[in-house]
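Before any comments, here is the structure.
Since every read-out is calculated from the coordinates, none of them should be taken as a lab result. Note that this is a predicted model, so its numbers are computed, not measured. Here Cβ is always computed from backbone atoms with ideal geometry, including for glycine, and neighbour counts include all displayed protein chains.
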Amino acid sequence: MPNFHSMTKSFFLLLSIGTIGLLAATMRAVETYAENPGADGDGSFTIGPDYQIDPDLTDKGNPKGKLFTFSMALADSKIFRGDDKTLDPAKKPVKKERKITVYVPTSYKDGVKAPLLIIHDGPGQLSLIRNALDNLTISKDPKRTLPAFVAIAVENGGNDGKKSERGLEYDTMSDRLARFVHDEVLPAVLNNAEIKSAYPHFALTDNPWGRGVIGCSSGGAAALTMGWFRPDWFRRVIAYSGTFVDQQDDDAPEEAKYPLGAWEYHSGLKLIETSEAKPLRIFTHVSEKDIRPNDAEETHHNWVMAGQRTAAALKAKGYHHRFIFSKVTGHCDRRVFEQTLADTLVWVWRGYHAD
């Protein structure tokens, strides 16, 4: 009679081999995937002082997709429970739950592994992005089109700056936010009963080139940080008014390696320029009035300087990068989104194709 322990050991060995084989097959698929977006749209551009909304960001009456909302309790998370030792909940309250908003465009076909765009500070720019999807996924212009990506807007955990849950999630220089989205948010979306009822074979792509992230302010810095630390998961980055400054908690463990937080992307450390180039496609923006009155010098909090130096570092390293400087606009100014977001989405998704 076969030994039970030997059979169990053999079973788990086969299971491990199967898992390793599946991971290897996934990596081979990513390695063989290739696109040639070219350099069209790369570079630095200045806009303003006059602004108008792009027609592709308005409701043109095209067929609409489906919108879903649900909540995730922070207490159920293994990554952002709302009880981190860096927080000061008495002064900066933490939310009990975060809302997740999902938009599935009408061009999505059930069963297809859809590309996706994570939106920080959800719902964020979702209203404009919905219109862009409705209009540009059916565009006949091959140079101005979008894939039928699923937009997933993720609400932050509350408040802002150091000692806050939002600050912890967005300003920390680590892969923690990427792990939270990858390990907890995406499975929650895939397992949502309402979405599965509407799309029984709903699926999201595993191809990192099919995964984008957009954010503004600290959410913009977080978009780059997700791609920077986990390019194996997220490779298309959109950062408006990015807070590439020192807003990381002073007692965060990451301070040991990155003492100036996101400022290190362009600081004397020269993180972008001295690191091996990563497989990323990156949009960044800064407004003329992102600067605050006391930030005229290099204080590690000068947002305009930080945005410009980050753009310069990305250019020097040879990334596919598009940078916008907007005149007479403020922090996360809606006028900038209304004029540029369609162009930004088209540029950041250029070259993508189903794998």
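Structure data summary
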| quantity | calculated |
| --- | --- |
| Full-stretch length increase - Lys327, Asn191 - with 0.36 nm per residue and alpha-carbon distance subtracted | 44.6 nm |
| Distant-in-sequence amide H partners of Gly161 (H built 1.01 Å from N, under 5 Å) | Gly167 |
| Estimated [θ] at 222 nm from DSSP helical runs (n ≥ 4, -39500 (n - 2.57)) normalised by residues in the chain, nearest 500 | -9500 deg cm²/dmol |
| Distance (nanometres) between label positions extended 7 Å along Cα→Cβ at Asp183 and Glu254 | 1.5 nm |
| Residues in segment 175-206 reached by a label modelled at Asp355 [backbone nitrogen below 17 Å; 7 Å Cα→Cβ] | 182-183, 203-206 |
| Alpha-carbon spread of the chain, three principal axes, descending order, Å | 81, 52, 39 |
| Segment 236-333: GluC sites (Glu not before Pro) in DSSP coil with no more than 10 other Cβ atoms inside 10 Å | Glu276, Glu297 |
| Lys, Arg +1 and Asp, Glu -1 on Cβ, resulting dipole of segment 37-348 about Cα centre, debye, nearest 20 | 800 debye |
| Charge dipole (the chain, unit charges on Cβ, about Cα centre) - positive-most of Gly161, Gly210, Gln125 | Gly210 |
| Binned Cα-Cα distances of segment 154-204, short to long, each 5 Å bin given as a whole percent | 4, 19, 20, 18, 14, 11, 9, 4, 1 |
| GNM result for the chain, Cα springs below 10 Å: residue of Arg281, Arg236, Arg334 fluctuating most strongly | Arg334 |
| Residue of Pro231, Pro200, Pro93 that the Gaussian network model of the chain assigns the largest fluctuation, springs spanning Cα pairs under 10 Å | Pro200 |
| Among Val304, Leu280, Leu224 the positive-end extreme of the charge dipole of segment 212-345 (Cβ point charges) | Leu280 |
| DSSP H segments from the chain that extend 30 Å or more along their own axis, Cα-based, with Kyte-Doolittle mean of 0.0 or above | 4-32 |
| Residues whose placed amide H lies under 5 Å from that of Val150, excluding near-sequence neighbours | Leu116, Leu117 |
| Relative counts (whole %) of C-alpha pair distances in segment 68-176, using bins that are 5 Å wide | 2, 12, 18, 18, 15, 11, 10, 7, 4, 1, 0 |
| Amide H within-cut-off set for Arg322, under 5 Å, with H built and near neighbours excluded | Gly43, Ile282, Phe283, Thr284 |
| Model label zone, Ile53; criterion: amide N under 15 Å from point 7 Å along Cα-to-beta-carbon; scope segment 133-154 | 133-135 |
